[in-house]
Amino acid sequence: MKCIDSIVALGAVLLLAGCASTRTVAVVEPVGPAPASSTKPMAQGSLQVYSAREKEPVAVGDMEWEWDYNLANSPFTYGLAHTDYAILTQAGESFRYVRNAHNSADPTPAVVTLLPGRYEIKAQAEGHSGELANVIIPVAVEPGKLTVVHLSGNWKPDQQFSNDDVVRLPDGQIAGWLARR
């Protein structure tokens with residue numbers, strides 16, 4: 001466990017101290033379905049990824065833009081839609097590209113039906129202060145269960161948990177429930 005903590009701490013330092021370009025961060029622990037989730041009698045499972053939100057340009061005269069611009073020094077604000085992502089095989093080969101929103105006003109990420117197994121997703125994650133990073137994170141899909149990955153903010157589980165129950169991004173944010181072996 002100390003080794004994992006060291007890797008996470010090192011990743012956080014690299015994530016925060018890196019240059020302004022978007023970095024790619026690999027997460028080791030796989031995200032799986034919630035521990036108390038019910039199983040539906042289905043052969044397939046499903047995956048939902050709350051990736052970083054799409055940036056949208058705003059009108060220069062807009063008061064909200066001026067507030068965002070002064071804080072973030074960017075002529076963009078975040079819209080409702082989540083960014084698209086790729087599903088990879090466990091070997092890292094491209095498997096499927098996921099369009100994660102119907103349009104720019106769609107706040108709910110797509111739910112993808114998959115055969116049970118282990119996959120990796122490559123998506124954009126949003127840090128605590130709005131910085132973006134590309135993340136490669138393993139996921140476990142189980143029959144009849146929904147695996148949810150949280151990469152766009154400060155998600156907190158709605159049930160009691162310990163640090164051994166969740167997967168964290170390098171900056172400490174919780175990405176989802178730890179997949180049970």
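Considering the conditions (1) surrounded by 14 or more Cβ atoms within 10 Å (Cβ to Cβ); (2) over 16 Å from VAL31 (Cβ atoms); (3) among the aliphatic types (A, V, I, L, M), LEU115 is excluded by exactly one of them, (1).
Looking only at the stretch 129-181, count every residue that is among the small types (Gly, Ala, Ser), assigned to a loop (DSSP other than H, G, I, E, B) and in contact (Cβ under 8 Å) with a residue 12 or more places away in the chain and tell me the total. Spell out the reasoning first.
So the first thing to find is which residues in the stretch 129-181 are among the small types (Gly, Ala, Ser), and the list is 129-130, 133, 140, 144, 152-153, 162, 172, 175-176, 179.
Applying the additional criterion that residues be assigned to a loop (DSSP other than H, G, I, E, B) yields 129-130, 144, 152-153, 162, 172, 179.
Of the ones still in play, those that are also in contact (Cβ under 8 Å) with a residue 12 or more places away in the chain are 130, 144, 152-153, 172, 179.
Residues meeting the conditions: 6.
Residues in the stretch 96-121 that are without any contact (Cβ under 8 Å) to a residue 40 or more places away in the chain and farther than 13 Å from LEU80 by Cα: ARG96, TYR97, ARG99, GLY117, GLU120. Quick check: is even one residue across the stretch 76-90 exposed (fewer than 15 other Cβ atoms within 10 Å of the Cβ), over 21 Å from HIS150 (Cα atoms) and either small (Gly, Ala, Ser) or at pLDDT 85 or above (or both)? No, the stretch 76-90 contains no residue that is exposed (fewer than 15 other Cβ atoms within 10 Å of the Cβ), over 21 Å from HIS150 (Cα atoms) and either small (Gly, Ala, Ser) or at pLDDT 85 or above (or both).
The values are calculated or read from the model by the stated rules, or taken from the named source; none is laboratory data. Bear in mind that the values here come from a model prediction, so they are computed numbers and not experimental data. A quick note on method: Cβ atoms are made from the backbone with ideal geometry, for glycine too, and the neighbour counts reach across all protein chains shown.
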